[in-house]
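Notes to accompany the following structure.
The values are calculated or read from the model by the stated rules, or taken from the named source; none is laboratory data. Please read all numbers here as calculations on a predicted model, not as lab measurements. Glycine gets a Cβ as well: all are built from the backbone with ideal geometry, and neighbour counts include every protein chain shown. Quick note on the areas: whole protein, heavy atoms, side chains included, nothing else; ligands and nucleic acids left out. Shrake-Rupley method; radii C 1.70, N 1.55, O 1.52, S 1.80 Å.
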Amino acid sequence: MSAPVRIGLLGCGTVGQAFVQAITEGGPTIERASGHRLEAGPILVRDPTRPRPGVDPALLTTDPEDVLADPEVGMVVELMGGVDPTSGFVRRALESGRPVVTANKQLLSREGDALLELAATAGTELRFEAAAGGAIPVIKVLRESLLAAEIDRLTGIVNGTTNFVLTRMRRAGLDYEAALALAQELGYAEADPTEDVGGADAAAKIAILSSIAFHTRVRFGDVPFEGIDGLHAEDVEIADGLGFAVKLLGVAELVDGAVSARVFPALVPHGHRLASVEGADNAVLLESPGAGEIMLVGPGAGGSETASAVLADVLSILGTQRGSFLHNALADAGRPIAPPGALRSAFYMRLSVRDRPGVLARVASALADGELSIETVLQQGQGDAARLVMILHEGREERMRAAVERISGLEDVREPPVVLHVIGNGDGR
Ligand SMILES: NC(=O)c1ccc[n+]([C@@H]2O[C@H](COP(=O)([O-])OP(=O)(O)OC[C@H]3O[C@@H](n4cnc5c(N)ncnc54)[C@H](OP(=O)(O)O)[C@@H]3O)[C@@H](O)[C@H]2O)c1
């Protein structure tokens, strides 16, 4: 029997408790499969009096030194979240040569490059499977299974809260506020859902995933994002009638050799595989000329689900401690980051117009000035309250933005147009 591996924990909340339970309950299986007996503790928390089922209170501490300076601790698992003071603790652990496993997307998407470098210098490892896609083993697939495959596009539904809200808006006809309230009631949304509904959570995850997929450091600040908080129930309903589901997507791809990574709500045809990902599930679609299309779907959050990905990282480190071929040098391609407007996409546009002769022609001409053309147009109503809904062929985003300005200034256009991306509509995506 091998010597036990003592795992120091930073944080023991939803995921931390599930992780401790997983190594306690799964102990014999883990030992049989890996040859290692895992032991948890010391465990850093803020409030040691809080009940934590399945966790021995004697292991809890409020002093980070009890974890970071304990010579018995062979590996550190960070599940406290946030950037400060977490970053300092993770750095200390890596500097001391201990491997670190984390589920922290905020930290990774902001400081991942520096932390990976630190790990490499200290001759240790930093793993973060649970930081993007929760229980879905997408990082492992990108780092190992697709190591030799060039990825040219990664499209993800990486935020379960927004996917739940959008599913309810479409299926139950709820407006945004009612769908969000339901998500909060059922535990799919935080009391403060700003990071989720505003798109920042998805942007952090897309930064991490595109760094791995394109072997290039993509930071949180490199990923422009929009959320679903400005989305109207009306557009979800019209899109549904036209054969599309609305999804909050993270899209990362190579544009003229540069990495373009974005988060935005988009229309996805009902027959597209991402359209069928409903409720709080996450999915990542990987497209590679060599490996084809690979889609991974599963729970993007949840205590025990996330803990299973954390545990997999722990076992992978123990299994590859000697002779790991992965190392941390995952960003050596050094591709530039594409400017946000470089993205190409098809678009949905909804306009409120006065129904006068020539309105559609003037709108079409404003679009044509940006080399944008109309695939489908639908007019509803007449007089001063007419509605024009258009699906446009693929064009450059920056040209679309300029066309929106021109259209907003046209006579007989009553409000700035509502514009959403459309993907998977046979236009190259
Ligand atoms: N929950 C999920 O489904 C999920 C999914 C994917 C990734 N993640 C990531 O996993 C990490 C943990 O998430 P969680 O949901 O388990 O969070 P959580 O329930 O809020 O737990 C956080 C833990 O960290 C401790 N903590 C926080 N700040 C601290 C500080 N300054 N000093 C000492 N202890 C501190 C808390 O102590 P107290 O218990 O004493 O308050 C608590 O035990 C986050 O990075 C999150 O983004 C979570």
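Brief remarks follow.
- Test: residue in the stretch 134-155 that is closer than 15 Å to Ile206 by Cα and in contact with a Lys or Arg (Cβ under 7 Å, 6 or more places away or on another chain): no
- Ala114 being surrounded by fewer than 21 Cβ atoms within 10 Å (Cβ to Cβ), among the aliphatic types (A, V, I, L, M), under 23 Å from Ala204 (Cα atoms) and more than 15 Å from the ligand (Cβ to nearest atom): yes
- Selection count where residues are within 21 Å of Gly198 (Cβ to Cβ) and open to solvent by 10 Å² or more (accessible area, probe 1.4 Å), scope the stretch 263-283: 3
- Conditions (1) open to solvent by less than 50 Å² (accessible area, probe 1.4 Å); (2) within 15 Å of the ligand (Cβ to nearest atom); (3) within 14 Å of Leu311 (Cβ to Cβ): number failed by Leu44: (3)
Here is a yes/no grid of residues against (1) more than 31 Å from the chain's Cα centre (by Cα); (2) more than 14 Å from Val314 (Cβ to Cβ); (3) among the aromatic types (Phe, Trp, Tyr):
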{"position": "Leu9", "(1), (2), (3)": "no, no, no"}
{"position": "Phe19", "(1), (2), (3)": "no, no, yes"}
{"position": "Arg46", "(1), (2), (3)": "no, yes, no"}
{"position": "Thr49", "(1), (2), (3)": "yes, yes, no"}
{"position": "Val55", "(1), (2), (3)": "no, yes, no"}
{"position": "Ala58", "(1), (2), (3)": "yes, yes, no"}
{"position": "Pro64", "(1), (2), (3)": "no, yes, no"}
{"position": "Leu68", "(1), (2), (3)": "no, yes, no"}
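- Leu367 passes every criterion in (1) at pLDDT below 95; (2) closer than 30 Å to Asp256 by Cα apart from (1).
- Unmet criterion (only one of (1) touching a strand residue (DSSP E or B) at 6+ places or on another chain (Cβ under 9 Å); (2) among the acidic types (Asp, Glu); (3) more than 14 Å from Ala346 (Cα to Cα)) for Glu405: (1)
- The number of residues in the stretch 163-178 that are farther than 11 Å from Gly279 by Cβ and in a helix (DSSP H, G or I) comes to 6.
- Residues that are open to solvent by less than 10 Å² (accessible area, probe 1.4 Å) and touching a strand residue (DSSP E or B) at 6+ places or on another chain (Cβ under 6 Å), drawn from the stretch 73-93: Val73, Met75, Val76, Val77, Glu78, Val90, Ala93
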